[in-house]
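In what follows, a structure is listed as structure tokens, so that the remarks can point back to it.
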Amino acid sequence: MAGRAVGLVVTGLAGAAAYDGVKRFARSKGFRSAAVSVTTWGLRSVRAAETGAEKVRLATADLVSEARDRIGEQAPPPGAATGHGHEH
């Protein structure tokens, strides 16, 4: 029983020391600098993904417009509500 108690005390002390170390690191300038860098990369990635998605959307709209033109169908003007042909 004393062995288990010693083991628990040692584990508790190790956990407390690790927690204090993490707290000190989180308060350091190095941690803040790393967090800002990671956030910067994330924002750049999001912007690149948005740009790519917009390019795909525009390319798809061009394809649909050309396909409608080939079958003689007039494409609706941009932003026009097209509906689905009946009332509710």
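The values are calculated or read from the model by the stated rules, or taken from the named source; none is laboratory data. Values in this document were obtained by computation on a predicted structure and should not be read as measured data. Note that we place each Cβ from the backbone using ideal geometry, even for glycine, and neighbour counts take in every protein chain shown. Accessible surface is based on the protein model in full, side chains and every heavy atom, while ligands, DNA and RNA are left aside. Shrake-Rupley method; radii C 1.70, N 1.55, O 1.52, S 1.80 Å.
Restrict the search to the range 9-59; then list the chymotrypsin sites (Phe, Trp or Tyr not before Pro) that DSSP places in a loop and that have at most 16 other Cβ atoms within 10 Å of their Cβ.
none
Dipole magnitude of the chain about its Cα centre, charges +1 at Lys/Arg Cβ and -1 at Asp/Glu Cβ only, in debye to the nearest 20?
It works out to roughly 1020 debye.
Please compute the per residue accessible area over the chain with all protein chains in place, 1.4 Å probe, rounded to a whole number of Å². Don't jump to the answer; show the numbers that get you there.
Values: 8040 Å² over 88 residues.
For the chain, the solvent-accessible area averages 91 Å² per residue.
Considering only protein heavy atoms, what is the solvent-accessible area of Glu73 at a probe of 1.4 Å, reported in Å² to the nearest 10?
We get 90 Å² for Glu73.
Among Ala75, Val6, Gly21, whose Cα lies farthest out toward the positive end of the dipole of the chain, if unit charges sit on the beta carbon of Lys, Arg (+1) and Asp, Glu (-1)?
Of Ala75, Val6, Gly21, it is Val6.
With Cβ to Cβ distances under 13 Å as the rule, what net charge do the other residues near Ser65 carry (K, R +1; D, E -1)?
On the way: positive: Arg57, Arg68, Arg70; negative: Asp62, Glu66, Asp69, Glu73.
Local net charge: -1.
Probe 1.4 Å, all protein chains in place: accessible area of Arg68 in Å², nearest 10?
For Arg68, solvent-accessible area is about 80 Å².
For Thr39, what accessible area in Å² do you get when you roll a 1.4 Å probe over the heavy atoms of the protein chains, rounding to the nearest 10?
Ignoring ligands and nucleic acids, Thr39 comes out at about 80 Å².
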